[in-house]
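Engineer: Before I ask anything, let me first share the structure, which is written out below as structure tokens.
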Amino acid sequence: MNVRRLVMHARFALGFPRYLRHRVTLEEARAEVARRLETRGESFLKLVTRAVFGHRASPYRPLFELASCELGDLEHSVRARGLEGALRELRAAGVYVSYEELKGRVPMVRQGREIPVSPGAFDNPFLRAAYEKGTGGTTGPRTRVMTDLDNLRAKAMMGRLVDEINGTRGLPMAVWRGLLPDNGLGAMISRLPFGTVPERWFTPVAAEQLRGALEYRLATAYVLRASRLFGVPLPDPEPVPVDRALTIARWAADAIARAGGCHLRAYVSLLVRVSVAAQEEGLDLTGAVFGGGGEPPTPAKVAQIERSGARYLPSYHVSELGRVGVSCLAPVEENDHHFCADHLALIQHPTKMPGLDLEVDAFCFTTLLPSAPKIAINVESDDDGVVEERACGCPWEELGLRFHVRSVRSYRKLTGEGMTLIGSDVVRLLEEELPARFGGASTDYQLVEEEDPGGQTRLTLRVSPRVALVDEQEIQQAMLEGLAEGSPAADLARATWSSAGTLRVRREEPVWTAGGKLMPLQLGSRTRAVRS
């Protein structure tokens with residue numbers, strides 16, 4: 001462990017007791033969100049002034065130089081065109097960051113100039129880093145998201161309102177999320193400033209199944225013991241594999257009997273498993289509130305959850321950005337959120353889908369808070385969907401969150417059990433490593449995201465019958481091991497998918513497009529239109 005990381009852990013240890021004592025009131029949360037909404041343009045300019053124009057190592061400085069945009073030009077643009085108008089102007093001039101660039105996987109190339117970047121290049125340089133979590137289960141260079149306790153307190157403002165508006169305040173709560181580098185621990189401590197202490201922490205993967213670093217285990221142990229020392233008894237993690245969801249369904253039924261309701265946080269597919277287990281056991285979960293994210297809540301998934309009696313609330317987060325949307329209480333579809341304009345800005349820009357002559361209106365996000373872990377200016381999240389201003393009459397509209405984001409799907413990532421795969425990372429396995437080991441050509445392999453009749457997301461590896469396989473389990477294992485190389489987060493995905501049976505092999509020809517192209521990755525169906 002290097003000196004920087006030792007300092008980070010020491011800072012967290014010193015600041016955590018004060019964090020535990022802090023409480024966010026409803027009035028304070030309302031006032032702070034209102035203030036942020038009124039000062040969005042000013043907040044953006046202050047952040048850019050300090051973190052870009054005042055920071056020589058900022059990767060954005062070359063982009064602004066190539067766009068011939070100085071600070072005075074930007075100030076004029078924000079005041080004349082509004083924040084979103086200025087951001088559209090910057091995007092057109094080449095001031096943006098792709099998802100692959102944000103991860104440090106490829107250099108930024110603008111106007112023929114190559115700008116090298118690393119995964120940490122976009123970290124907030126003024127952040128007093130005290131907490132680290134991993135991103136989704138991807139391969140490639142390990143990615144981390146640094147934050148600090150001030151950032152957790154800042155996020156607690158919106159969290160306090162979510163708790164109140166969704167009617168989950170005071171309900172017995174449990175989390176079914178993984179150990180570090182997954183965010184099960186973060187999901188618990190982020191709720192402490194508004195007085196919510198989960199009573200159970202279920203983990204789908206046990207610690208002994210992971211190859212994770214010792215520091216993750218030590219950090220978890222410290223947080224749990226420190227919280228109890230200061231009167232906030234966080235629960236120990238309880239391993240509950242994905243095929244034993246009945247354990248959690250029984251907890252939910254018991255909590256409903258005790259308190260009239262409960263609140264369960266987990267990835268969408270895990271919530272489906274709890275609902276199915278409850279139905280098979282004859283348990284009525286009326287009164288339960290299931291909050292999920294990590295993958296799109298398709299109609300089949302939500303219907304399966306609601307058949308158990310539970311109410312589903314979608315949640316839209318991006319690891320590097322935090323909370324992007326809060327669930328609308330008068331939605332037009334299952335995946336309908338109010339955009340969190342208090343700490344983010346969002347524009348859309350036409351982007352070509354990899355492997356197809358189609359364009360989507362990709363989301364480009366910009367951070368506004370000085371405590372944001374990443375400095376994001378028009379950062380593409382590889383998501384697209386519908387952004388609209390719509391009157392719905394729910395409390396979020398009254399608070400000033402007028403814009404909705406819905407029909408959100410990734411155009412480059414596959415998901416399963418809440419774990420995420422970045423497309424470019426998988427292509428190497430499909431086109432190089434699997435053909436080299438098992439035979440055939442790159443056109444004989446294809447990874448497909450599918451939803452089975454029960455609403456569960458599966459990843460199917462199509463392998464042409466021309467490939468002479470002796471053991472299908474061997475190629476399945478090779479795929480899982482290949483995904484896990486070099487990243488603790490990818491190892492978490494491997495362990496989760498192995499126990500859940502998410503990845504399967506099917507002997508059939510890969511499917512080609514009508515235009516005669518083969519996409520190595522075939523994403524699940526989309527509900528919104530794309531442009532040809």
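Engineer: Please list, in order along segment 46-59, the HN-Hα scalar couplings obtained from phi with the Karplus expression 6.51 cos²θ - 1.76 cosθ + 1.60 (θ = phi - 60°), rounded to whole Hz, x for Gly and Pro.
Structural biologist: Calculated HN-Hα couplings, in order: 4, 5, 5, 4, 7, 8, 10, 6, x, 10, 4, 8, 4, x Hz.
Engineer: A follow-up question, please. What's the magnitude of the charge dipole for segment 41-110 around its Cα centre, counting Lys and Arg as +1 and Asp and Glu as -1 at the beta-carbon? Answer in Debye, nearest 20.
Structural biologist: 180 debye
Engineer: So for VAL470, VAL33, what's the accessible-area order with a 1.4 Å probe, most first? Intermediate results must be reported in sequence, preceding the final value.
Structural biologist: Values: VAL470 150, VAL33 5 Å².
Ranked from most to least accessible, the order is VAL470, VAL33.
Engineer: Here's another thing I want to ask about it. Over the C-alpha atoms of segment 258-298, what are the Rg and the largest Cα-to-Cα span, Dmax, in Å?
Structural biologist: 10.7, 32
Engineer: For GLU509 and ARG79, compute 0.36 nm times the residue count separating them, minus their Cα-Cα distance, and round to one decimal in nm.
Structural biologist: Values: separation 430, 0.36 × 430 = 154.80 nm, distance 5.58 nm.
Separation in residues times 0.36 nm, less the Cα-Cα distance, equals 149.2 nm.
Engineer: Same structure again: For a quick check: with amide H placed at 1.01 Å from N, whose amide H comes under 5 Å from ASN335's, ignoring anything fewer than 5 positions away on the same chain?
Structural biologist: SER407
Engineer: Taking a 28 Å limit on the Cα-Cα distance, which of the listed pairs LYS46/LYS155; LYS103/LYS352; LYS301/LYS374; LYS352/LYS374 fall beyond it? Walk me through the numbers before you get to the answer.
Structural biologist: On the way: LYS46/LYS155 19 Å; LYS103/LYS352 19 Å; LYS301/LYS374 32 Å; LYS352/LYS374 25 Å.
In this structure, LYS301/LYS374 exceed 28 Å between Cα atoms.
Engineer: Oh, and also: If the chain between GLU280 and CYS392 were fully stretched, how many nm would it gain, using 0.36 nm times the residue separation less the Cα-Cα distance?
Structural biologist: On the way: separation 112, 0.36 × 112 = 40.32 nm, distance 3.62 nm.
In short, 36.7 nm is gained.
Engineer: Mind giving me the nanometre distance, one decimal, between the label points for ARG110 and ARG30, set 7 Å out from Cα along Cα→Cβ?
Structural biologist: 4.2 nm
Engineer: Quick check on segment 22-120: what does the Kirkwood estimate of hydrodynamic radius come out to from the alpha carbon pairs, in Å? Write down the numbers at each step before the final one.
Structural biologist: Working: mean 1/r = 0.0656 Å⁻¹.
Hydrodynamic radius (Kirkwood, Cα only) of segment 22-120 equals 15.3 Å.
Engineer: Still on this structure, I have one more. How long is the gain from ARG169 to ARG61 if the chain were fully straight, where each residue apart is worth 0.36 nm and the alpha carbon distance is subtracted?
Structural biologist: Working: separation 108, 0.36 × 108 = 38.88 nm, distance 4.41 nm.
Contour length minus the Cα-Cα distance gives 34.5 nm.
Engineer: What figure, in Å² to the nearest 10, do you get for the accessible area of GLU508 with a 1.4 Å probe and non-protein molecules left out?
Structural biologist: So the heavy atoms of GLU508 present about 60 Å² to solvent.
Engineer: What three numbers, in Å, describe the spread of the alpha carbons of segment 308-400 along their principal axes, ordered from the longest?
Structural biologist: 40, 36, 28
Engineer: Then there's this: Collect residues whose amide H, placed 1.01 Å from N in the peptide plane, falls under 5 Å from the amide H of ILE347; neighbours closer than 5 in sequence don't count.
Structural biologist: When sequence neighbours closer than 5 places are left aside, the close amide H contacts are CYS364.
Engineer: Let me ask another. For segment 298-338, how big is Rg over Rh, using alpha carbon atoms and the Kirkwood form of Rh? Walk me through the numbers on the way to the answer.
Structural biologist: Values: Rg = 11.3 Å, Rh = 11.1 Å.
Rounded to two decimals, Rg over Rh is 1.02.
The values are calculated or read from the model by the stated rules, or taken from the named source; none is laboratory data. For clarity, every value in this text was computed on a predicted model and none was experimentally measured. A quick note on method: Cβ atoms are made from the backbone with ideal geometry, for glycine too, and the neighbour counts reach across all protein chains shown. Accessible surface is based on the protein model in full, side chains and every heavy atom, while ligands, DNA and RNA are left aside. Shrake-Rupley method; radii C 1.70, N 1.55, O 1.52, S 1.80 Å.
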